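Asks: Let me begin by handing over the structure; questions about it come next.
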Amino acid sequence: MTSKNSWVNPRVFFLQDTLFYLQFRPIMVTFGVMNKISERELYEVLLRVWGYTSFRRTQLETIVSICEGNDTLALMPTGAGKSLIYQVPTLATDKGFCLVITPLISLMKDQVDKLRRKGISAVAIHSGMTPRQIDIALDNCVYGDTRFLYVSPERIATEVFRARFERMRPTLIAVDEAHCISQWGYDFRPSYLRIAELRKQCPNIPILALTASATDAVADDIMQKLEFRKGHIIRSSFSRPNISFSVRKVENKNAQMLRVIQNVQGSGIVYARTREATQQLAELLREHGISASYYHGGLEPTERAIRQDEWVSGKCRIMVATNAFGMGIDKADVRFVIHYSICDSLEHYYQEAGRAGRDEKKAYAVLLVGPDDHAKAKRMFSFEFPSLEIIKKVYEAIANYLQVAIGDGAGISYDFNVYEFCKKNKMFVGTVLNAIDILRMNNYLTLTDESEHPSRIMFTISRDELYKLRVERTDLDHFIRTILRMYDGVFTEFRAVSESAIATASGYTIDKVRNLFRTLWQLRVIRYIPSRCTPLMIYADCGRLPQENLYISPESYTLRKEMAAERYRRMFEYADNTEVCRSRMIQNYFGETDAEDCGVCDICLARKKRERNKPELEEQILRLATDEGTIRQAVEQLEYDPDVIARTIDKLQDEGKISVGEMGQLRINK
Ligand code: ADP
Ligand code: MG
């Protein structure tokens, strides 16, 4: 096998890795300074904890590399399985303890939940927690048996964290989304630069950097900024041979979308740009008798969870969504992903389209392009790119909105709903998000992804009074009993509760549970704070500055604009391309120079068809030449692309079979 492809046929893979396994490469690898792990032990953990029998190709290579003590940068597509690379070796050692740095709160929680469900002790620390919650979690890492500590980059810079970290004994540091450390990446976060300082406290343990997107410049930057002792990159291929990528240039996107959905069986995702569009398109699909739902960040968390579950379980066939949908969702049998509008970069396009066909069976990724999309995107781009003046205005408006006085706010996080903010200030969401990004790059503010605050309740009456109520209101009795059985302490303090867990335990629907909570609240029996899901705005250590002290570095501003423009250009290059295999183009974009044609994208299929038709076309041209026809007639009469006709005529001329007169007359050479 020469392919470095991580998505090859699983059977081949299984065999290959089993052989590997049976041979037990005799080397013993040292992990950090504490333990020795054999490859056999790695496989045992993989099977015992996850039930998987084989590693995906570069997973094992990367794990062995860090076990050997090397600082390693792993470049792998989203969904390829980066988490296992730090999880498996950590669990293969008795006292393995891994610090994981990742900027996405939702994914952090997702990973911690997954580990806990397997009985593994893992904690997350993020900006949405209270100081007390953070204290407890950190203590567990020092004194308890916690195996994984997930932290946001903002957290590691704090005194509290540093003091505790000194007493921890990590065996590995994993840096997820490592491109955030580079100013050349699209998502630069200054707090990532502080990671190197942590290393000084444990200089002998390896560091693992993980990312799905890095150009050569970014890769070098990552290794330099993380102070790799020696550069080492392991790259896996971005090829997805089972996905047929295609672009459809159409006047009528709706008709084309319907055609794809009606021709391909199974479930799929339609990505649209705006929240309104998701709703409209889902309605359109339903009008055509297709089971569809929509999803965007503006929906209530429980509503989102319900819709997502229905789609994952197959109850609902199509999800029409904004790009808020998809992160952390494991659905292997997605048969197609349609993009109703173009993305701002190939990275994002690949990430979203790549949610198709995780089961390695045939799947489709279709990008719809309308006649004026180019112009529209251009307009949007200049509109979304704020001037320096606007950036400063946004900064002021945010501080006023959050009521942060000058000099205040240092290190504090605030709930921040960008949509409400924009509505109130009559600002355009795209512009504001870009301004916030630039403010983040200059280390003034960071907007996190959503942080979920669970619902909370507390009883405001005594047990005796509650008992009386239960006798009087038999309709509430079952509900109250369920709560009391599930949660203790609700008489003395606010307790976080889960409506969905209560729904399962009581047999009621989630809606009914919420209504019952409201009823109890109206009866003044409980205090009820429904769950919220909001992003947080975190001020950097300097707090709110007076406007005249706000310095925006030209690089962060001009460079960002140029890079964004370049990414757009590459995205449109992909959309406009009629020559190069789509997969190859994507792989080239991710730095693979030796990619081969996929044979299944629209470009490859069209080429195959042309080749199949070639003899026929040649025959037709020869026939026309016998009748002394012209090039013009050939183009008008023959049902082929004019370019193809021209090329075939050239070829016949080169072969000496025909000649072309000055007026374009075709003649057979005798
Ligand atoms: P990434 O971080 O690269 O986007 P994840 O670590 O979230 O990917 O993994 C994506 C999915 O792939 C998870 O469901 C994970 O359990 C699964 N996975 C990872 N490695 C393997 C493997 N060797 N065999 C089967 N499934 C795997
Ligand atoms: Mg990941």
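The values are calculated or read from the model by the stated rules, or taken from the named source; none is laboratory data. Being a predicted model, the structure only gives us computed values, none of them experimental. A quick note on method: Cβ atoms are made from the backbone with ideal geometry, for glycine too, and the neighbour counts reach across all protein chains shown. SASA here: full protein model, heavy atoms, side chains in, ligands and nucleic acids out. Shrake-Rupley method; radii C 1.70, N 1.55, O 1.52, S 1.80 Å.
Asks: Take peptides 516-523, 597-604 and line them up by average Cβ neighbours within 10 Å, highest first, as a rough protection proxy.
Replies: Top to bottom by mean Cβ count within 10 Å: 597-604, 516-523.
Asks: Let me ask something else. Report the local net charge at Glu662: Lys and Arg +1, Asp and Glu -1, summed over other residues whose C-beta lies under 15 Å from its C-beta.
Replies: My count for the surroundings of Glu662 gives +1.
Asks: If you don't mind, there's one more thing I want to ask. Take the alpha carbon gyration tensor of segment 525-584, find the square roots of its eigenvalues, order them as a ≥ b ≥ c, and report rounded if a/c is under 1.5; if not, report prolate when a/b exceeds b/c, else oblate. Could the numbers behind the result be given before it?
Replies: Numbers: a/c = 5.53, a/b = 1.48, b/c = 3.74.
Because a/c hits 1.5 or more and a/b fails to exceed b/c, segment 525-584 counts as oblate.
Asks: Could I ask something else about it? Given Cβ point charges of +1 (Lys, Arg) and -1 (Asp, Glu) and nothing else, what value in debye, to the nearest 20, does the dipole of segment 521-670 about its Cα centre take? Before the final figure, lay out the partial values.
Replies: Working: 24 positive and 27 negative charges, 220 e Å.
Computed charge dipole of segment 521-670: roughly 1060 debye.
Asks: Then there's this: Tell me the label-point distance for the pair Asn425, His453, using the 7 Å Cα-to-Cβ offset, in nm and rounded to one decimal.
Replies: The answer from the label model is 2.1 nm.
Asks: Another one. Using a Förster distance of 30 Å, how high is the FRET efficiency between Lys561 and Ala410, based on the Cβ-Cβ distance and rounded to 0.05? Mind showing how you got there, number by number?
Replies: Values: r = 29 Å, r/R0 = 0.98.
Taking R0 as 30 Å, the efficiency between Lys561 and Ala410 is 0.55.
Asks: Moving on to the next point. Between Val250 and Met168, what's the calculated FRET efficiency when r is the beta-carbon distance and R0 is 60 Å? Round to 0.05.
Replies: For R0 = 60 Å, the calculated efficiency reads 0.60.
Asks: Same structure, new question: Under 1.5 on a/c is rounded, so check that first for the chain, then, if it is not, pick prolate when a/b is larger than b/c and oblate when it is not; a ≥ b ≥ c are the square roots of the alpha carbon gyration tensor eigenvalues. Walk me through the numbers before you get to the answer.
Replies: Numbers: a/c = 1.77, a/b = 1.54, b/c = 1.15.
Since a/c reaches 1.5 and a/b is larger than b/c, the shape of the chain is classed as prolate.
Asks: Okay, moving on. Assuming a strict under-20 Å limit between Cα atoms, what lysine pair count do you get for segment 568-670 once near-sequence pairs (fewer than 8 apart, same chain) are dropped?
Replies: Going through segment 568-670 pair by pair, I get 6.
Asks: Still on this structure, I have one more. Under a plain spin-label model, where a point goes 7 Å from the Cα along Cα-to-Cβ, how far apart in nm are His374 and Tyr467?
Replies: For His374 paired with Tyr467, the spin-label model returns 7.9 nm.
Asks: Here is a follow-up. Using Cα pairs closer than 8 Å and at least 6 residues apart in sequence, work out the relative contact order for segment 152-260, in percent.
Replies: Averaging sequence separation for qualifying contacts and normalising by length gives 26 percent for segment 152-260.
Asks: If you don't mind, another one. Karplus couplings for segment 326-339 from phi (6.51 cos²θ - 1.76 cosθ + 1.60, θ = phi - 60°), rounded to Hz, Gly and Pro as x?
Replies: My calculation for segment 326-339 gives x, 5, x, 8, 9, 10, 7, 9, 6, 8, 7, 10, 9, 9 Hz in order.
Asks: Continuing with the same structure: Got a number for carbon plus sulfur as a percent of the chain's accessible area, 1.4 Å probe?
Replies: 50 percent
Asks: Which distance in nm do the two modelled labels at Arg527 and Glu396 give, with both placed 7 Å along the Cα-to-Cβ direction?
Replies: Simple spin-label model gives 3.8 nm for this pair.
Asks: Show me the GluC sites (Glu not before Pro) within segment 578-659 that DSSP assigns to loop and that have at most 10 other Cβ atoms within 10 Å of their Cβ.
Replies: Sites meeting the loop and neighbour criteria: Glu579, Glu639, Glu655.
Asks: Can you list which of the trypsin sites (Lys or Arg not before Pro) found in segment 159-225 are DSSP loop residues with at most 13 other C-beta atoms within 10 Å? Don't skip to the end; give the middle numbers.
Replies: Details: sites: Arg162, Arg164, Arg167, Arg194, Arg199, Lys200, Lys225; in loops: Arg167, Lys200.
Those satisfying the criteria are Arg167, Lys200.
Asks: Could you tally the net charge around Tyr508, taking each other residue with its Cβ under 12 Å from the Cβ of Tyr508, Lys/Arg +1 and Asp/Glu -1?
Replies: Around Tyr508, the charge tally is -1.
Asks: Under 5 Å between amide hydrogens, which residues at least 5 positions from Val320 or on another chain qualify, with H placed 1.01 Å from N in the peptide plane?
Replies: Placed amide hydrogens put Val270, Ser293, Tyr294, Tyr295 under 5 Å from Val320.
Asks: With unit charges on the beta carbons (Lys and Arg positive, Asp and Glu negative) and the dipole taken about the Cα centre of segment 143-235, which residue among Ala219, Val160, Ile234 sits farthest to the positive side?
Replies: Toward the positive end, the furthest listed residue is Val160.
Asks: Let me ask you something else. Magnitude of the Cβ-charge dipole of the chain, K/R +1 and D/E -1, about the Cα centre, nearest 20 debye?
Replies: 1500 debye
Asks: Assuming R0 = 22 Å, can you tell me the calculated FRET efficiency for the pair Lys651 and Glu596, based on Cβ-Cβ distance, to the nearest 0.05?
Replies: Working: r = 25 Å, r/R0 = 1.12.
Given R0 = 22 Å and the Cβ-Cβ separation, E is 0.35.
Asks: Excluding ligands, DNA and RNA, what is the solvent-accessible area per residue of segment 144-242 at a probe of 1.4 Å, expressed in Å²?
Replies: For segment 144-242, the per-residue accessible area is 37 Å².
Asks: Show which lysines lie in cross-link reach of Lys426 when reach means a straight Cα distance below 21 angstrom and same-chain residues fewer than eight apart are skipped.
Replies: Partners within reach: Lys392, Lys393.
Asks: Check each of the GluC sites (Glu not before Pro) in segment 117-202 and keep only those in coil by DSSP with at most 16 other C-beta atoms within 10 angstrom; list them in order.
Replies: Answer by residue number: Glu166.
Asks: Which of rounded, prolate or oblate describes segment 608-670 when judged by the alpha-carbon gyration tensor and an a/c cut-off of 1.5?
Replies: The shape class here is prolate.
Asks: To the nearest 20 debye, what is the magnitude of the charge dipole of segment 444-499 about its Cα centre, counting +1 on the Cβ of each Lys and Arg and -1 on the Cβ of each Asp and Glu?
Replies: Charge dipole, segment 444-499, about its Cα centre: 320 debye, nearest 20.
Asks: While we're here: Please compute the net charge surrounding Arg248, taking Lys and Arg as +1 and Asp and Glu as -1 over other residues with Cβ under 11 Å from its Cβ. Intermediate values should be presented prior to the final figure.
Replies: Numbers: positive: Lys249, Lys253, Arg259; negative: Glu251, Asp602.
Residues close to Arg248 contribute a combined charge of +1.
Asks: Let me ask something additional. May I ask you to compute the full-extension gain from Gln201 to Met486, defined as 0.36 nm times their residue separation minus their alpha-carbon distance, rounded to one decimal in nm? Walk me through the intermediate numbers first.
Replies: Numbers: separation 285, 0.36 × 285 = 102.60 nm, distance 4.29 nm.
Between Gln201 and Met486, full extension yields an extra 98.3 nm.
Asks: To make sure I understand the rule: partners must be lysines, Cα under 28 Å from the Cα of Lys468, and not fewer than 8 residues away in the same chain. Which ones qualify?
Replies: Correct list for Lys468: Lys512.
Asks: Okay, moving on. Counting only DSSP beta bridges with both residues in the chain, tell me the antiparallel percent, nearest 5. Walk me through the numbers before you get to the answer.
Replies: Values: 24 of 70 bridges.
In the chain, DSSP labels about 35 percent of beta bridges as antiparallel.
Asks: Using +1 at the C-beta of Lys and Arg and -1 at the C-beta of Asp and Glu, which of Val600, Ile645, Gln620 has the Cα lying farthest in the positive direction of the dipole of segment 592-645?
Replies: Of the options given, the answer is Gln620.
Asks: To make sure I understand the rule: partners must be lysines, Cα under 17 Å from the Cα of Lys378, and not fewer than 8 residues away in the same chain. Which ones qualify?
Replies: The qualifying lysines are Lys561.
Asks: Going by average Cβ density within 10 Å per residue, which order do the peptides 263-270, 185-192, 47-54, 461-468 take, highest to lowest?
Replies: In descending order of packing, they fall as 185-192, 263-270, 47-54, 461-468.
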